[in-house]
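This report concerns only the one structure given below.
The values are calculated or read from the model by the stated rules, or taken from the named source; none is laboratory data. Because the structure is a prediction, the values reported are computed rather than measured. We place every Cβ from the backbone using ideal geometry, glycine too, and count neighbours over all the protein chains shown.
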Amino acid sequence: MQNTEALKNYLSQIGCELADEKIACLLSFCDRVLEANKSFNLTAITDYTDFLIKHVTDSLLGASEIPQNALVCDIGSGAGFPAMPLAIARDDITVTALDSTAKKMTFVAESARSLGIKNIKTVAGRAEDQKKLFCSFDVVTARAVSSLPILLELAMPLLKVGGLAVFYKTDESELAGVSNALKTLKAEHIGTKLTALPNGDKRAILTFKKLAPTPPQYPRQYGTIKKKPL
Ligand code: SAH
């Protein structure tokens, strides 16, 4: 009960109201992550309050940027953030959690099955290798995965033209270095939501739009993307 009230309170501070069964589902997912974390490393955050704020509440900061019924791909989802809280909070969307670590995707898939969450799928693999998924999504999300130019190169191929990339950052400082990536990948920065978590930590949700098909030479191999980011 205490956790239920705590999570409701944190979510209300970011303008997110959810039905009791969704709050219960989010809490069950937290329990699963923290339990699994004892046997393999999923998160460095193990304090329950911190977990509710820095993982669950943070993941839902991007929910308001996602259009109705969107097909969403979460790149580098890890233990399922923000993919799982978004899927739980928004029945209308379908989320594909994508991560190069197969073990993490197995954890997310098993959690979804046991919690009865039907609007989430998992793909184990690297974002830049998912040719079959290119041009498939209305929204791509990513949190704590890499720098903005790299994220843009990973995300744009996965989006339909007109689709949105929603990146979770602590501030907007990286925007200064993305003009070349945006021009090259035919994308545009369309919004910045500056906000804070209930503990005062600053957050920035940066939104980009895919304006035209991604030139066929992108994404490059990950080694090249990292060595020579756009
Ligand atoms: N988004 C989660 C996890 C962040 S850790 C969270 O916020 O808690 C970064 C994750 O990105 C790792 O699990 C790593 O395996 C994954 N990752 C990094 N580069 C990737 C790529 N190119 N394609 C798919 N997954 C990637």
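Data overview
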| item | result |
| --- | --- |
| Residue check for A102: in contact with a strand residue (DSSP E or B) (Cβ under 6 Å, 6 or more places away or on another chain) and free of Cβ contacts under 8 Å to residues at least 24 places away in the same chain | yes |
| Selected residue [part of a helix (DSSP H, G or I), within 13 Å of the chain's Cα centre (by Cα) and surrounded by fewer than 24 Cβ atoms within 10 Å (Cβ to Cβ)] from A87, A63 | A63 |
| Looking only at the range 91-121, and only at residues there that are of a type in the set (A, V, I, L, M), part of a helix (DSSP H, G or I) and buried (at least 20 other Cβ atoms within 10 Å of the Cβ), the one that is farthest from the ligand (Cβ to nearest atom) | A112 |
| Single residue of K186, K209 found to be charged (D, E, K, R), modelled with pLDDT of 95 or more and in contact with a helix residue (DSSP H, G or I) (Cβ under 9 Å, 6 or more places away or on another chain) | K186 |
| Whichever residue in the range 124-163 is surrounded by fewer than 19 Cβ atoms within 10 Å (Cβ to Cβ) and either of a type in the set (D, E, K, R) or part of a strand (DSSP E or B) (or both) and, among such residues, is nearest to the ligand (Cβ to nearest atom) | R126 |
| Of the criteria (1) under 13 Å from A165 (Cα atoms); (2) surrounded by fewer than 17 Cβ atoms within 10 Å (Cβ to Cβ), which one F208 fails | (2) |
| Of the criteria (1) within 30 Å of Q13 (Cα to Cα); (2) within 17 Å of the chain's Cα centre (by Cα), which one I150 fails | (1) |
| Tabulated pairs, the range 29-54, first at pLDDT below 85, second in a loop (DSSP other than H, G, I, E, B) and of a type in the set (A, V, I, L, M, F, W, C), C-beta under 7 angstrom, 6+ apart or interchain | L42/A79; T43/A79 |
| Residue match in the range 195-209 (condition: more than 13 Å from the ligand (Cβ to nearest atom), without any contact (Cβ under 8 Å) to a residue 40 or more places away in the chain and closer than 19 Å to S146 by Cα) | yes |
